[in-house]
1. Scan segment B:21-28 and tell me whether some residue there is assigned to a helix (DSSP H, G or I), at pLDDT 85 or above, within 14 Å of chain A (Cβ to nearest Cβ) and more than 17 Å from B:Gly204 (Cβ to Cβ).
2. Is there a residue being on the phi > 0 side of the Ramachandran plot and in contact (Cβ under 8 Å) with a residue 40 or more places away in the chain anywhere in segment C:361-381?
3. With respect to the numbered conditions (1) within 11 Å of chain A (Cβ to nearest Cβ); (2) under 23 Å from C:Gly268 (Cβ atoms), which one is the sole condition not fulfilled by C:Asp125?
4. Taking the options D:Ser82, D:Ser103, D:Ser113, name whichever one is surrounded by fewer than 23 Cβ atoms within 10 Å (Cβ to Cβ) and small (Gly, Ala, Ser).
5. B:Ala203 passes all but one of (1) farther than 26 Å from B:Val70 by Cα; (2) crowded, with 24+ Cβ neighbours inside 10 Å; (3) among the hydrophobic types (A, V, I, L, M, F, W, C); which number fails?
6. Can we say A:Asn205 is surrounded by fewer than 24 Cβ atoms within 10 Å (Cβ to Cβ) and either in contact with a strand residue (DSSP E or B) (Cβ under 8 Å, 6 or more places away or on another chain) or at pLDDT 90 or above (or both)?
7. Can you tell me which residue is farthest from the other protein chains (Cβ to nearest Cβ) among those in segment C:258-279 that are surrounded by fewer than 20 Cβ atoms within 10 Å (Cβ to Cβ) and in a loop (DSSP other than H, G, I, E, B)?
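The values are calculated or read from the model by the stated rules, or taken from the named source; none is laboratory data. Remember, predicted model here, so these are calculated numbers, not experimental data. Quick reminder, even Gly has a Cβ in these numbers, built from the backbone with ideal geometry, and neighbours come from all protein chains shown.
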Amino acid sequence: MTDQTASANMRAGSMTLSLMPWIVAALVLVLLPQIFTANSAITIMNQMAITIIFALAYNMLLGQGGMLSFGHAVYMGVGGFACVHIMNMDDFFASIPLVVLPIFGGLFGMGLATIVGSFSTRKAGTVFAMISLGVGELIAACSVIIVAFFGGEEGISGDRTYAMPTFGVEFLQQIEVYYLIAFWLLISAALMYLFSRTPVGRMANAVRDNPERAEFLGYSARWVRFYSFVASGFFAGIAGGLFAINYEILTEENLNATSSGTILLVTFLGGVGFFFGPILGAIAFTLLQTVLSLETELWAFYAGALFVATVMYFPGGLAGLIMMHVPAIRLGKGSRLILPYIRTLVPAAICILGAAALIEMIFHYRHAFAGDEEMTLFWITFNSHDVLPWIVAVGLTLAGFFTARATAPALLEAWGDANTPDRMQV
Amino acid sequence: MDLVLVNLIDGLVTGLLLFMLSAGLTLIFSMMGVLNFAHASFYMLGAYFAYQISLAFGFWMGLLIAPIMVGLLGAGVERYGLRRVHQYGHVPELIFTFGLALLIEEVVQFIWGKNQMAYDIPEVLQFTAFSIAGNSIPAYKIFMIFISIAIFIGLLYVLTRTRIGMIIQAALSYPRTVEALGHNVPLIFMGVFGVGTALAGVAGVIAGPVLGTFPGMAFVLGSIVFVTIVIGGLGSLWGALVASLLIGWLTTFSKAYNLRMEDFLTFIGFSRPDPIWDSAWRDLWTITSPQVADILPYILMILILIFRPYGLFGKRDV
Amino acid sequence: MRKSFKLGVSAALALAISAAAGLAENIKIAFIDPLSGPFASTGTNGLHQFEFAAETMVNANGGVLDGQMFEVVGFDNKISPKESLIQLQVAIDQGIRFIAQGNSSGVANALTEAIDKHNRRNPDDRVLFLNYAAVDPALTNDKCNFWHFRFDANADIKMDAITDSIAANEEIKKVYVIGQDYSFGKAVASAAVRFLGEKRPDIEIVGNELHPIGKVKDFTPYSRKIVASDADAIITGNWGADMLGLGKSIVENGYTGPIYTYYAAGSGITAAFGETGKGTIRLVGEGQVNPPASDSAADYYTAFKEKYPDGNVDQSRITNVIGMLAQAINEAGTADDVVAVAYALEGMEYESMWGGTVLMREKDHQAIQNVHIHEHTDEDIAFDYDNSGFGIKVVKTVEMAAAESETTCNMRRP
Amino acid sequence: MTAALHLDGLRKSFGKTEIIRGVDLSIERGERHAIIGPNGAGKSTLFNLITGRFPQSDGAVRLHGNDLAGKAPYEINRMGLSRSFQITNIFPKMSVFENVRCSLLWSLGYKYSFWHMVGKSRELTEGAEAILEQINLTNRRDLPAGVLSYAEQRALEIGITIAGGANVIMLDEPTAGMSHSETDYIVDLIRKVTEDKTLVMVEHDMGVVFGLADRISVLVYGEIIATGTPETVRADPKVQEAYLGEALEAEH
């Protein structure tokens, strides 16, 4: 009985509770450019926001609907291309405010999704995945053939500033574009979240879990998938429209298999099981791509390793990793994990950094131009042909590894302890 | 007419090469129910391993050893990677192989760099076998045809005439029952995965010198292998063969003959817009068959999936 | 162990972000080209050539103005237009005023438009675009702008030289044109047909076709058609794996005539062609490597090989970029006001170490220079490519090619 | 008055084997009807034919007089027929409450709506909670359905089946694999939730069958050899011979 009242209370308060994350998100979005003021930081944040919308749209399929798509970039791309074409329709574009442009992108993405979805959503699983792969390849190939719409490999470009000024803003500066994208990010994320709470959104989960049972509840699994697919196409198109506004150019790369693969990677990295998973994935991946790639040309190698490790050890992704701790925190025992974590994770981090250093050194040793024996790693410049740095790196890796392995059982024990309710409390 | 014959041979080579990849993939799929996205990456590894070995011991040792290395690696991937991911379901398995494909490409670049390797046809096979109307057929192509046909026959023999083949076939359909009969099904799975990837390795060894050994070689071939087995029907060896040859000839002939969309459109009664350069449909009118040759298999696959989801020879849904 | 992996990466990220900051007094040139991915070798080699040119031609001689040094900063654009625009923004934020890029006309198109817009919208931190290799004619025609300078000969100029060479050879009666299905491939094809029609109306174009870019696994069917057409010469704009695949396949299937092309040297391609390409590959380009045009060129190349034994000077115009930029900065007396530097570059005549004069044409910012036809060979090669023993040797030179050519460029100057 | 469910010469073959060999059966409204028969008699196949999971080879199924030929399962469900499965068939990753709420959506007219918020609808929440109350799972409300005990999952399965308000309920071995106490719980539950509804069930447990059913049909080798009240069926010599004898012996 006490249990019930508790959950009833929680439900009563859920309205205010569920608004909180959105308000915080809005505040963060407003404040971010005050902290990161450089134009490049804003450009990267714009890229992040666009990726977030796209990843959320993708997760409507993968996480919510259980449909694995290998060609989702085309819906974003086609929406974006449509927006650039609208930018180039001088009179029409001058008569609409730039803020509404992404809606057109969404409509075009949705249009294409309607056509493709009409035959691809009959089955989920491999059939769907393969059709999406085929359609993706087809449209990507068309981009160099159908020059009138896709502009060949150099793509098509426009100028966002020719739109009707919105409250006097002409979107000349990156920061103005940032706020436009942030606005759309909030709107789309909220809409996608709300979509998951509608009957068709709930049934998407049901169809993902058990399409046959859903059929015996009066729902056609196919049509449920179709509606999810179309909605996902719409939001992908919105992301495409924002891409068009931010970069003012769309090219073949917006459609190709690499982009489609990347978004799968992003979404899975973040975690498909939770609504906010793709958001984390998009942030992490964009940082990896733009920041880590400034530091090492092996960034794609690390990204690939990270991805494989995620699939193997944390199929729940980043979000799953975070949500794993909720039970312990609910029990009020989260703090008991801190110390064991430090004891295991610090050596493990040292081990991984040591391994990364080894990889960098091997790479430098093998591929640097002869005579170029100097390399800089973690602000230390040394000669990669000396023995000492190798000993240090190997030593760090091994020491980290064995310390982490020695402390791991203690961590496991603490984990078990933190997740079992204390007898006293019951 | 002579050219038709030449194209038939060329298409056969392409098709058989594709078959060596798709045969392994389709076996792996029918057994484990997972499409191995990294299959073409094992093909690439085959080429690179063979290149490395050929530097020291020559081409023939490469042909012998590289596939074994690839097979062992494949078995290791199954044992320590896939088997672990298997418990999470099919989608994570698919995603795992997808990530593995990315990782292998990076590892290859890490070890061998980004340039094309100077991996070449062995001296003994560097001659023209025969010529048809000025078009020379290199001896190496004949060699490729023989190797792939030998592999197909061998595979067919093992699967249908030997005890281990029977067990594999049974394990494909009824893994639980076979396990109850005392066979080690995980070991069989691992073995088939190893053999499947080794086949891809053989394909890599013999294709590397003609199609080039470079980090993008897996990507170029990657998705077309899926297309092949989907068209042929998942799990069907004969289907894989037929689909491979079909794709080989389809792409070869559409590249070899300049069929123009314009002729087709005029034929079905449309009139050419004039001037063509202002028409919104200009790109449609100017399409030629070589332009679209490589995307024809994708169109074929989509049509197959819509109208015959179990493929040409498949017995069950994809 | 599992958890630690994530933490390790995020820690590394945090460090990386803080490390990305920092500024110096040098005059920086942002080199935005692929440094990872399939085209990384071309990009990395280009970066080395830039660094080496800046080091030996400018910094070793005391820098420019009152001793300011050149510094080349590499930015990895992964040959993606989107990434290029991000990296452009990063470069501008770091106070860099000179942007160098060359690989892919698609990227160059994106960059030139973005730079034009940026300079219009942000008059305080304008930048110049030093295009050292993107050859799409449109960049100095319809899409030209004041901020863009092209140091390579464009596709049309090079085709002019190729067709001169073909026209001079009376034995060539039939020509086959094949290329990648995208803007550059199409530009090459249409230029080839146009120039041949003007110079040798008797030559028959026996084939003119496009194939998908980067997707063809096996070129055999194409080479069958070419061999069957009895062509005496082939013209192609292919590059990278497409060039290698096409070239090898054509020769293997029995073709013996010349293949005229733009990009078939360096980046591993020379080595991979090896014996196969000998007597077949004809390459158009500026910059004479073999035989060395001057002692200074030979010294420069030797010094470069000492520093980068695996590298090639396969984009010799990079020295012209650095030399001309240094001269322009000195003339303008400033490196901060890019408008002044741009005006100094316009119309500049520069003596290249690879022989001949380079003129930066005022009306379209297209460099006019000597264009050579090279052949791929292992004979008389002073400086080979890819350490393969093979290299390219000049067989014909067109002096100040296309100096009088028309342009549709209608430039707006600030 | 038309029968709730009427089977007319229903046949089904897989390849050469005929599994259902001409079944005629009429089940009246409000009747609790059990189908029994030895293993392999075709009971589950019959179920699957009625609910549109497989197409029949010949014959017809009529629900309230409407022919079901060529109808997909979801269409049949919308006409007022709902079924459970022999193997537990729920939505394992969704919460118990969500499971029930999903099964209410169509019948409350939400269809493929993407403009209603399910959380805001009183009728959905209250409806789902009423069903949870009925199947005694209120205290499991927020757990993922996959972690429930077997009996609880079976109860949930029944809850999902009846939630849509269908007037013909088909249960496929609702007590399979249960202990005695669990079986009693499920039988009470079935009796409670199928009041005023037509119930068709396949069941092995004779205690359950004779306790619940108004009428019984015996299916042997794809044919119905007897139909009638429990007493008639029990007394039928054919049934005794074919099947019931051993079963009754085993029970005593």
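1. Looking for residues that are assigned to a helix (DSSP H, G or I), at pLDDT 85 or above, within 14 Å of chain A (Cβ to nearest Cβ) and more than 17 Å from B:Gly204 (Cβ to Cβ), one finds at least one in segment B:21-28, hence yes.
2. Yes; the residues of segment C:361-381 include at least one that is on the phi > 0 side of the Ramachandran plot and in contact (Cβ under 8 Å) with a residue 40 or more places away in the chain.
3. (2)
4. D:Ser113
5. (1)
6. yes
7. If we take residues in segment C:258-279 being surrounded by fewer than 20 Cβ atoms within 10 Å (Cβ to Cβ) and in a loop (DSSP other than H, G, I, E, B), then C:Gly279 is farthest from the other protein chains (Cβ to nearest Cβ).
For (1) charged (D, E, K, R); (2) modelled with pLDDT of 90 or more, each residue gets a yes or a no:
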position: C:Gly106; (1), (2): no, no
position: C:Leu111; (1), (2): no, yes
position: C:Ala114; (1), (2): no, yes
position: C:Arg121; (1), (2): yes, no
position: C:Asn131; (1), (2): no, yes
position: C:Asn145; (1), (2): no, yes
position: C:Phe149; (1), (2): no, yes
position: C:Lys173; (1), (2): yes, yes
